[in-house]
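**Student:** This is the structure I want to talk about, given as structure tokens.
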Amino acid sequence: MSSGDASDDASVGVFGLEFRADRVTLAVVALAALALLARLVGLGSRPFHWDEARVGYWALRYLETGAFEYRPIAGGPLLYHLDRLVFAVLGVSDMTARLPVAVLGAALPLCALLFRDRFDDAESLVFAALLAFNPLFVYYSRFLRGDVPLAFFALAFAGFTLRAYDRRSRRDAYAGSIALALAFASSGFAAAYVLCGVVVVVLLVDQPSAVVDGGTSARRLINSVRSRIAGRTVPAARAFLLFLGTTILCFAPRAGPHVDVGLTKPTTWHLVLYEATVGALWSFFGVRVAHRWPHWTHELFPYVGDLAGTLATAALPVVVAAVAVFGWNRYVSSERRPLLDAFAYWSAAAFAIFPVATEVSAPWVAIHVVLPLSPLAAVGGAALLRRAVSLAGGDERDATTVAAVILLLLAVVAQAGVVTATDVYGPSDRTNELAQFAQPSDDMTALVENATAVADDDPATPEVLYVGSKYATAWDPGNEFPPVVESWGNRLPLPWYFERADADTVSTKNLTTFDERAANESTPPIVVSEPGLSGGVGDRLGDAYESKTYHLGLWDREIVVFVRQV
């Protein structure tokens, strides 16, 4: 329980949910504000990763056409809805596209307030600080993917559910049901969270019974849960309806070009209900499970090794502190805290499950392991702080211990600071430990400015020509909804930047087809070429065009762009 002075507490309501407005709450809110500032500084400075470009491009198409349909290959629907709203209000840019993720990432520290019935004040503050400033959370809160939103809503669901159980609170149950739906809408990785939850429940409930008391503790826990929910059919039904309504709102199709069913067409609402629930689940299963193998089969241990390496680089103090606290809670402490066991089991399950669930080995996978490690590390960090404060007033024999504790805390802060300075705000190159292969290392600002300057809002006169079989598609205007052909994906992140500039694109396979096209039509002012064809393209374009090489990945992804000089 919190150790704060009850006389200093004042209850405040947020969306109908009550929180104690004491100094700890104010401090956590201040941490969230600082976290937001850390995420907003230079938010648009890093060029878009391929995954970001996909989300941004389809969100722009959604804004332009009003048509939307959940497709698992393109990720969860939540970011598309949020970005469409932000684009309509604030305009289109790299910064505004990332803004929803930045805001949700900055809100992560507020989740620590949901666990204050089980954590004391110091633990709550350290927990909030870890969520606010861990380099992984900061970097990927500045990144248009669903991992941080999923982490936020999953942790909020856990916190609201725990409060609903402890306080028998209907409002917390309702908030938890909405958070759960939004977690599913954030990312397909939510399925891995479900598996982690199953592991946690089984270990918490069955392990003591199977090993120690022959089922007594399991029966006691089941009876306790049954007594808590007895006679609460109506609140449970309301919570389910809130979950269902939020799910439908997120996953329902929106009618438009190529989409005949939508929320705005009442005659199709029965189909909307199906597509937003059973249809979405079946589609996810088909794409991410049934038809994933063997195409996306990968070796397990390299992915586990990459995950371990990311944890060592960006969260080593958190991992060490969490392991120490788990050992202390399990083998030393006289007062066992089951919640700490739950987070430990969640962490272990995530470390085993996510390398299997992910289709590419990427640093963002570590977010889902660090999330449940953070409360464990917070307990250890708070214990160190209390030890330092208590020893500071002792005799000289404790001076060495005080110095050691302070040096340890400084080392933890310094490690996070170095990673943040070099990787979060550092250049996007091969030395960046948090950057994934598909992160461009060159600034795209000049290219966007050129494309914007020549865009004329006339699809009959394209502004961009792709040259090379690697980029050529059969019908460029047909690339309006996922999934698309591989050659379109090879262009990433350029489709986002050209769509943002409102520039129309066409493509041709090789120099022969380039010549045939040039004989019949004028060459667009921007030509994007494969490096192997750039010499021939440059000879044909002559001095009227100026060339520049861009790196669309950390290695082996060069393009040559020719821009007509005015």
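Residue by residue, here is whether (1) aromatic (Phe, Trp, Tyr); (2) in a helix (DSSP H, G or I); (3) touching a residue at least 40 places away in the same chain (Cβ under 8 Å) holds:
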residue	(1), (2), (3)
Phe127	yes, yes, yes
Leu130	no, yes, yes
Leu144	no, no, yes
Ala154	no, yes, yes
Gly176	no, yes, yes
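**Student:** For region 108-125, name all the residues that are open to solvent by 20 Å² or more (accessible area, probe 1.4 Å) and under 19 Å from Ser141 (Cβ atoms).
**Tutor:** The answer is Leu110, and nothing else.
**Student:** Oh, and also: What is the one condition in (1) in contact (Cβ under 8 Å) with a residue 12 or more places away in the chain; (2) part of a helix (DSSP H, G or I) that Arg292 does not satisfy?
**Tutor:** (2)
**Student:** For region 526-566, list the strands (runs of 3 or more DSSP E) that sit wholly inside it and hold at least 1 residues that are open to solvent by 20 Å² or more (accessible area, probe 1.4 Å); which are they? Even if it seems obvious, please write down each step before you answer.
**Tutor:** Values: elements: 526-529, 545-551, 558-564.
The qualifying strands (runs of 3 or more DSSP E) are 545-551, 558-564.
**Student:** Filter region 259-287 down to residues that are within 17 Å of Pro72 (Cβ to Cβ) and open to solvent by 60 Å² or more (accessible area, probe 1.4 Å), then give me how many there are. Show your work before the answer.
**Tutor:** Of all residues in region 259-287, those within 17 Å of Pro72 (Cβ to Cβ) come to 259, 274-287.
Right, trim to open to solvent by 60 Å² or more (accessible area, probe 1.4 Å) and you get 274-275, 278, 281-282, 285.
Result for region 259-287: 6.
**Student:** Right, here's the next one. Testing Tyr70 on (1) within 24 Å of Leu271 (Cα to Cα); (2) open to solvent by less than 40 Å² (accessible area, probe 1.4 Å); (3) assigned to a helix (DSSP H, G or I), one condition comes back false. Which one is that?
**Tutor:** (3) is the only condition that Tyr70 fails.
**Student:** Give just the number: which of (1) buried (at least 21 other Cβ atoms within 10 Å of the Cβ); (2) at pLDDT 95 or above; (3) farther than 24 Å from Leu114 by Cβ does Ala314 not satisfy?
**Tutor:** Going through (1) buried (at least 21 other Cβ atoms within 10 Å of the Cβ); (2) at pLDDT 95 or above; (3) farther than 24 Å from Leu114 by Cβ one by one, Ala314 breaks only (2).
**Student:** Still on this structure, I have one more. Name, by its number, the condition in (1) in a loop (DSSP other than H, G, I, E, B); (2) of a type outside the set (S, T, N, Q); (3) more than 24 Å from Ala181 (Cβ to Cβ) that does not hold for Val261.
**Tutor:** Here Val261 meets the rest and fails (3).
**Student:** Still on this structure, I have one more. Given the condition part of a helix (DSSP H, G or I) and closer than 19 Å to Phe184 by Cα, answer yes or no: does some residue in region 250-257 qualify?
**Tutor:** So the first thing to find is which residues in region 250-257 are part of a helix (DSSP H, G or I), and the list is 250-251.
Applying the additional criterion that residues be closer than 19 Å to Phe184 by Cα yields 250-251.
Scanning region 250-257, I find at least one residue that is part of a helix (DSSP H, G or I) and closer than 19 Å to Phe184 by Cα, so the answer is yes.
The values are calculated or read from the model by the stated rules, or taken from the named source; none is laboratory data. Quantities reported herein were computed from a predicted structural model and do not represent experimental measurements. Note that each Cβ is placed from the backbone with ideal geometry, even for glycine, and that neighbours are counted across all protein chains shown. Ligands, DNA and RNA are stripped out before the accessible areas are found, and what is left, the full protein with its side chains, is counted by its heavy atoms. Shrake-Rupley method; radii C 1.70, N 1.55, O 1.52, S 1.80 Å.
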